[in-house]
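No value in this document is a laboratory result; all are computed from the given coordinates. This is a predicted model, so every value here is computed, not measured. With ideal geometry, Cβ positions are generated from the backbone for all residues, glycine too; neighbour counts draw on all protein chains shown.
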Amino acid sequence: MARINPDFTDELKKYGAFDLNACYNCGNCTAVCALSDEDNSFPRKMVRYSVLGLEGEIKSSLHPWLCYYCGECSTTCPREADPGELMMSLRRWLTATYDWTGLSGLLYKSVAASFLAFLFLAIMVVWFGAYESFHLDTIMHFGHYFEMLAIGTVLLLILLPNIIHMWWLTLYKPGTKAPISSYFTSLGELIVHMFTQKRTLGCDENRLRWFEHFVLVLGYLSLLFTTVFLNWFESRNLFVIILGYLESIIIFVVTFDFVRRRLKKEAEISKHAHLSDWLFVIWLFLMGLSAFLVRLFIDAGLLHDNLWLYLVHLIILVQWALLIVPFGKWTHFLYRSFAIYFEHIKKTAGD
Ligand code: SF4
Ligand code: SF4
């Protein structure tokens, strides 16, 4: 029997803005949603589960991750219940649910905790700089190894266990009887969606948004590769240097446009920006911009007299790698791709 959590709506409100009590179950949102079909009542099923406090049903569902927030349901809702934002809030709540450390939930719900965590890491970087007598080469050396260490540690200790937890909640616990072979045959779905985000194209008006996301994902992943594995800041290879410049320009130009659109509230998705949404785009913008400036200062022979610039870049990098990637909105990129993968596996099992 399904368990009801009477406090669920109050808890969910801490993850976003919407008015659940306004919904009178008219079905308009389902009629306009491109993801709806005879088997899936998008997003109304999630609205009903949330109103009724069916926490267990939501935990075992992949539906919140399949929505790309086109906002059609919110603009057509006659009661202004904002089902699109409800789906977004459910994604944040699920991120906190999957996270075994509990830090995602804390950072999503508390502005003070987020501020203190960002401040603590900034102080640690400056302290480390002082400990190393602000010696640029040593700090840059540390910065490079930090990137490699952070990728491995965050992946193995945080993201992988959380993905397994997600699998346990959405496939194993509901008793999905998928053959082991389907985990291999569905891998293509995971890779394609992770790199192309092509499900966004299901929302007709989002072609530009999809293209920007696509370019951003490619720019971000390739800059990561260029800085970590090709050691961009120390490289003397002209091709690597130019590649890094191009990738960092792509990141800060695209994220600047995201910030501009969020400020102008042009689309439905921009109307209820949560602190985590702002942190994600602003930090990505700052990462691209500061990486570009660091390399520019190196090439101009100015970095030794402007160590502060590398320290600022390192602070942004450390905050990004230790807070936003494992506990913030970056995880949506991962969970969404795995949700599509798991959904494909479920289909092969006939669920
Ligand atoms: S969320 Fe709005 S459109 Fe959807 S069923 Fe409720 S009232 Fe109707
Ligand atoms: S935001 Fe778009 S994709 Fe998501 S539930 Fe609403 S109509 Fe469907």
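Numbers for the structure displayed
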quantity: Highest-first arrangement of 80-88, 101-109, 187-195, 297-305, where packing means the average Cβ count within 10 Å; calculated: 80-88, 101-109, 187-195, 297-305
quantity: 25 °C / 0.890 mPa s Stokes-Einstein diffusion coefficient of segment 8-98, Kirkwood radius on C-alpha pairs, µm²/s; calculated: 192
quantity: Descending semi-axes in Å of segment 108-156, equivalent ellipsoid built from Cα gyration tensor; calculated: 24, 17, 6
quantity: Over the chain: helical MRE at 222 nm, DSSP H runs n ≥ 4 each giving -39500 (n - 2.57), nearest 500; calculated: -20000 deg cm²/dmol
quantity: Charged-residue dipole, Cβ positions (Lys, Arg, Asp, Glu), the chain about Cα centre, Debye nearest 20; calculated: 480
quantity: Contour minus Cα-Cα distance for residue 9 and residue 153 (0.36 nm per residue); calculated: 48.4 nm
quantity: Potential extension, residue 218-residue 141 segment - 0.36 nm per residue separation minus Cα distance; calculated: 25.1 nm
quantity: Selection from 255, 63, 156, by position along the positive dipole direction of the chain (Cβ); calculated: 63
quantity: Estimated translational D of the chain in µm²/s (Stokes, Kirkwood radius over Cα pairs; 4 °C; 1.567 mPa s); calculated: 60
quantity: Cross-link partners of residue 347 among lysines (Cα-Cα below 28 Å; sequence separation of 8 or more within a chain); calculated: 45, 59, 173, 177, 198, 329
quantity: Cα-based helix-to-principal-axis angle, 330-348 vs the chain, degrees rounded to 10; calculated: 40
quantity: Distance between segment 178-203 and segment 94-127 - C-alpha centres, whole angstrom; calculated: 30
quantity: Over segment 124-214: Kirkwood hydrodynamic radius from C-alpha pairwise inverse distances, Å; calculated: 17.5
quantity: Virtual spin-label span in nm between residue 191 and residue 133, 7 Å along Cα→Cβ; calculated: 5.0
